[in-house]
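Okay, structure first, notes after.
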Amino acid sequence: MAENRDPIVAAPLWPHGDCSLMHLMRRAGQRTTLCWTQNVDTGLSAVQYAILVVLKEETSCDQQTLGNRAGFDKATGTYVIDRMSKSGLLQVQTDPANRRRKLVSMTAAGEAMLERMIEQAKRAERTITAGLDAQDIADLKRLLSKLSGLQEPDDDAAPDSP
């Protein structure tokens, strides 16, 4: 029997519709990771790239703000920031105004890494959106922003709609 190459048709059927939204989101996440690893050769993850991008904009910020902006939780942030500082990409200092707070900034090596990664990250994004037109990409960004809590849902949207 021939394998169906259409990912929607090839996806399993679920009791709550043609194809589970959660299944499609998981598959999209897998494809995102694949596109990242195929296009970015630095060994850094998309989260680490996001940290560098935020620090390019903010110069220095506390770990909580960095986590909110780059999209990671405290446990992940502590591990990733520690790893990046050990590799010389970040510098972590205690905030003199609040000794419990850590301030994170990018080192010269971190800036050089960011510059190296920008085109690779753009290429990864072009790879994952290949086959989508500009409106599809805009719609995808808008919907993902809503799903991730970065944008408030429309007031008129039904709360229980799938």
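The values are calculated or read from the model by the stated rules, or taken from the named source; none is laboratory data. Just so we're clear, the structure is a prediction, and the values are computed from it rather than from any experiment. Positions of Cβ are backbone-derived with ideal geometry, glycine not excepted, and every protein chain shown enters the neighbour counts. Just the protein is used for accessible areas: all its heavy atoms, side chains included, with ligands, DNA and RNA removed. Shrake-Rupley method; radii C 1.70, N 1.55, O 1.52, S 1.80 Å.
Only a single criterion out of (1) among the hydroxyl-bearing types (Ser, Thr, Tyr); (2) in contact with a strand residue (DSSP E or B) (Cβ under 6 Å, 6 or more places away or on another chain); (3) surrounded by fewer than 16 Cβ atoms within 10 Å (Cβ to Cβ) is not satisfied by Thr107, namely (3). From the list Val47, Val92, Val104, the lone residue that is among the aliphatic types (A, V, I, L, M) and in a helix (DSSP H, G or I) is Val47. Taking the criterion of being touching a Gly at 6+ places or on another chain (Cβ under 8 Å), open to solvent by 40 Å² or more (accessible area, probe 1.4 Å), charged (D, E, K, R) and within 23 Å of Ser148 (Cα to Cα), would at least one residue in region 72-91 satisfy it? Looking for residues that are touching a Gly at 6+ places or on another chain (Cβ under 8 Å), open to solvent by 40 Å² or more (accessible area, probe 1.4 Å), charged (D, E, K, R) and within 23 Å of Ser148 (Cα to Cα), one finds at least one in region 72-91, hence yes.
Which numbered condition in (1) in a loop (DSSP other than H, G, I, E, B); (2) touching a residue at least 24 places away in the same chain (Cβ under 8 Å) is the only one that Leu66 fails? Just one mismatch for Leu66, condition (1).
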